[in-house]
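The values are calculated or read from the model by the stated rules, or taken from the named source; none is laboratory data. It should be emphasised that the depicted structure is a prediction, and the values quoted were computed from it without experimental measurement. Neighbour counts run over all protein chains shown; Cβ positions are idealised from the backbone, glycine included. Quick note on the areas: whole protein, heavy atoms, side chains included, nothing else; ligands and nucleic acids left out. Shrake-Rupley method; radii C 1.70, N 1.55, O 1.52, S 1.80 Å.
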Amino acid sequence: MKILSVVGARPQFVKCAPVSRELRKVHEEILVHTGQHYDYLLSEVFFRDLGIPAPDYHLDIGSGSHGVQTGRMLAAVEEVIAKEEPDLVLVYGDTNSTLAGALAAAKVHVPVAHVEAGLRSFDRRMPEEVNRVLTDHCSDILFCPTATAVANLAAEGVTAGVHLTGDVMVDALQQNLPLAKERSTALIDLGLSPKGYFLATVHRASNTDDPAALRAIMDAFARLDAPVVFPVHPRTRKKFAEYGIAPAANVSVVEPLPYFDMLALLSGARAVLTDSGGVQKEAYILEVPCVTLRENTEWVETLEDGWNVLVGADADRIVAEADAAGMRVISPYRVLRDRAL
Ligand code: UD1
């Protein structure tokens, strides 16, 4: 079968690496990079470290408003589909690249497969939620990471072509954690001791595009009693400059991290503070307590036993939960349940 895979943003590179490796054993894969992420540290370094084959097509779409970015991708992916005539288009996750790939294929009657189908935050103000819902509803094959995702689809009347596959991020993590531990010198380079620091990431529009929210988050980080390592997304860095926010002395703002360094820093952290969906899940798998800087999450399983907590952009809640997270121990129930998943 000829499969056209569409990727474009950092989390999709992580997800496509293990899938692509298996796919290519039996199928022909044409890899399309939309160019949504174009900085070396958000894109190329992931292809290099994860051994992802070079894209067959690089669409160079770059940044823009949601409509402009998605629209350009839609037109460009359609052209590639016309040229390659694939049997299936494969998309990952919930970004604008996901929606554009799925919609381009569905419009010309090429079957669509969606990896990470069925996740819902039930917050339609998130661009990712709109992308998830629309992608799922034009997909023919829906690969769900969790039983909750299968139930979410059923509640929307989507039951055909639904498969509970588990989460490909677990595969990526299991394959790469030993390499990360062997190769990454991030802790030493940053002068950190295991469990002696917090790791933070912030890039969601709801936090970065609201000066009060971003300020509250940075104020909370300043009040934590340990160093905070903060690999900063380009969007967030721009907002620091725009709002005149200067990180406190205990906050090390560093460039976006390559995957291996991110895994090493995550697995060594006392707790992680994040608004990323992927990082919440990675923290959960690595048994690192997570404080989520959002009011909702699509990974609801991580909340069940208090391993992950939702605190929004409320400085007092962030500080209280970060302090408490440092004290959390792994419940035997959680470990047993995860083995059964
Ligand atoms: C996108 C995804 C989000 C995902 C995230 C991972 C959507 C709607 N959002 O958000 O779900 O969690 O990727 O990182 O698809 N920029 C650069 N260099 C780059 C890429 C972006 O400077 O290589 C800047 C640009 O100013 C751009 C802004 O970051 O306007 C936002 O980038 P964009 O790709 O639109 O969304 P993300 O915030 O990265």
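Values as computed for the structure displayed
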quantity	calculated
Checklist (1) over 20 Å from the mean Cα position of the chain (by Cα); (2) open to solvent by less than 50 Å² (accessible area, probe 1.4 Å); (3) modelled with pLDDT under 95 applied to residue 319, failing item	(3)
Test: residue in the range 33-40 that is of a type in the set (S, T, N, Q), surrounded by 17 or more Cβ atoms within 10 Å (Cβ to Cβ), within 11 Å of the ligand (Cβ to nearest atom) and closer than 18 Å to residue 78 by Cα	yes
Given (1) under 20 Å from residue 44 (Cβ atoms); (2) within 13 Å of the ligand (Cβ to nearest atom), index of the condition residue 261 fails	(2)
Residue within the range 108-116 that is closer than 21 Å to residue 37 by Cβ, aliphatic (A, V, I, L, M) and in contact with a Lys or Arg (Cβ under 8 Å, 6 or more places away or on another chain) present	yes
Scope the range 282-299; condition open to solvent by 10 Å² or more (accessible area, probe 1.4 Å), within 16 Å of the ligand (Cβ to nearest atom) and not in a loop (DSSP other than H, G, I, E, B); matching residues	282
Odd one out for residue 187 among (1) part of a helix (DSSP H, G or I); (2) under 28 Å from residue 319 (Cβ atoms); (3) within 18 Å of the chain's Cα centre (by Cα)	(3)
Residue in the range 197-211 that is surrounded by 16 or more Cβ atoms within 10 Å (Cβ to Cβ) and away from the ligand (no atom under 16 Å from the Cβ) present	yes
The range 47-101 - residue that is within 12 Å of the ligand (Cβ to nearest atom) and among the acidic types (Asp, Glu) and, of those, farthest from residue 31 (Cα to Cα)	94
The one condition in (1) at pLDDT below 95; (2) open to solvent by less than 10 Å² (accessible area, probe 1.4 Å) that residue 120 fails to fulfil	(1)
Close pairs from the range 193-213: first more than 12 Å from residue 227 (Cβ to Cβ), partner of a type in the set (D, E, K, R) and in a helix (DSSP H, G or I), Cβ under 6 Å, at least 6 apart	203/235; 208/235; 208/239
Which listed residue is more than 16 Å from the ligand (Cβ to nearest atom) and buried (at least 22 other Cβ atoms within 10 Å of the Cβ), from 20, 5	5
Some residue of the range 114-121 being more than 18 Å from the chain's Cα centre (by Cα), outside the structural domain of residue 262 (by the TED database) and without any contact (Cβ under 8 Å) to a residue 40 or more places away in the chain	no
Condition met for residue 292 (at pLDDT 95 or above and either within 22 Å of residue 116 (Cα to Cα) or of a type in the set (Asp, Glu) (or both))	yes
Residues within the range 139-155 that are in contact with a helix residue (DSSP H, G or I) (Cβ under 9 Å, 6 or more places away or on another chain), surrounded by fewer than 17 Cβ atoms within 10 Å (Cβ to Cβ) and farther than 23 Å from residue 280 by Cβ, tallied	1
